[in-house]
Amino acid sequence: MQSGTKNAVMGVAVVAMLGFAGYRLFLRPSGKFVPPKTLTQKAVCLNCKQNVEIERSFSAQAPYKCPACDQVAAYPWFYCYDCAHRFVPKLVRIEGQPPRIPPGVRCPHCGCTNIAGYDPENPQQSPVADAKLPKWP
């Protein structure tokens, strides 16, 4: 390689490295992942039967306050991959507390456990129908 070509290649390499270093120091975010503080979730209110969108903290447990009727009666939708139904699981009732979603959720339509939280953006979740909603007090 000739001296002039070698110097040009070295110059381009130095400029590229300085540009990358400047980006890393000044323009790029810190690199620390900051998780979001809230989650938006599709839900249904068992009191007013409205489909709602709930913004909640990651630690909050259902039921959530319904933005349509202001009652604490909104539960997240689930999706069954076996029967393609969207559902709210059978709730556990404990005296003095609102009904809760039990551990080990099963589809109330077909009884299987091949389920996930419902996400309308997921192309693999196309509900054919909604299972019957649990009774609300």
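Check ARG86, ARG100, ARG106 and return the single one that is more than 20 Å from ASN51 (Cβ to Cβ), of a type in the set (Lys, Arg) and in contact with a strand residue (DSSP E or B) (Cβ under 6 Å, 6 or more places away or on another chain).
After ruling out the rest, the residue left standing is ARG100.
List the residue pairs whose Cβ atoms are under 7 Å apart, where the first residue sits in region 70-96 and is part of a strand (DSSP E or B), the second is at pLDDT 95 or above and of a type in the set (Asp, Glu), and the two are 6 or more positions apart or on different chains.
HIS85/ASP130; ARG86/ASP130; PHE87/ASP130
Please specify each residue of region 29-75 satisfying the condition of being at pLDDT below 90 and aromatic (Phe, Trp, Tyr).
Once the filter is applied, which keeps residues that are at pLDDT below 90 and aromatic (Phe, Trp, Tyr), region 29-75 yields PHE33, PHE58.
Yes or no: GLU95 under 16 Å from LYS42 (Cα atoms) and loosely packed, with under 12 Cβ neighbours inside 10 Å?
no
Return only the number of the condition from (1) in a loop (DSSP other than H, G, I, E, B); (2) in contact with a Phe, Trp or Tyr (Cβ under 7 Å, 6 or more places away or on another chain); (3) surrounded by fewer than 17 Cβ atoms within 10 Å (Cβ to Cβ) that ALA116 does not satisfy.
If we test ALA116 against (1) in a loop (DSSP other than H, G, I, E, B); (2) in contact with a Phe, Trp or Tyr (Cβ under 7 Å, 6 or more places away or on another chain); (3) surrounded by fewer than 17 Cβ atoms within 10 Å (Cβ to Cβ), just (1) comes out false.
Only one of (1) touching a residue at least 60 places away in the same chain (Cβ under 8 Å); (2) not in a loop (DSSP other than H, G, I, E, B) is not met by THR40, so which one is it?
Failing condition for THR40: (1).
How many residues does region 97-121 hold that are free of Cβ contacts under 8 Å to residues at least 24 places away in the same chain, of a type in the set (Gly, Ala, Ser) and on the phi < 0 side of the Ramachandran plot?
Total satisfying the criteria: 0.
The values are calculated or read from the model by the stated rules, or taken from the named source; none is laboratory data. Keep in mind it's a predicted model, so treat the numbers as computed, not measured. No Cβ is skipped: glycine too gets one built from the backbone with ideal geometry, and neighbour counts run over all protein chains shown.
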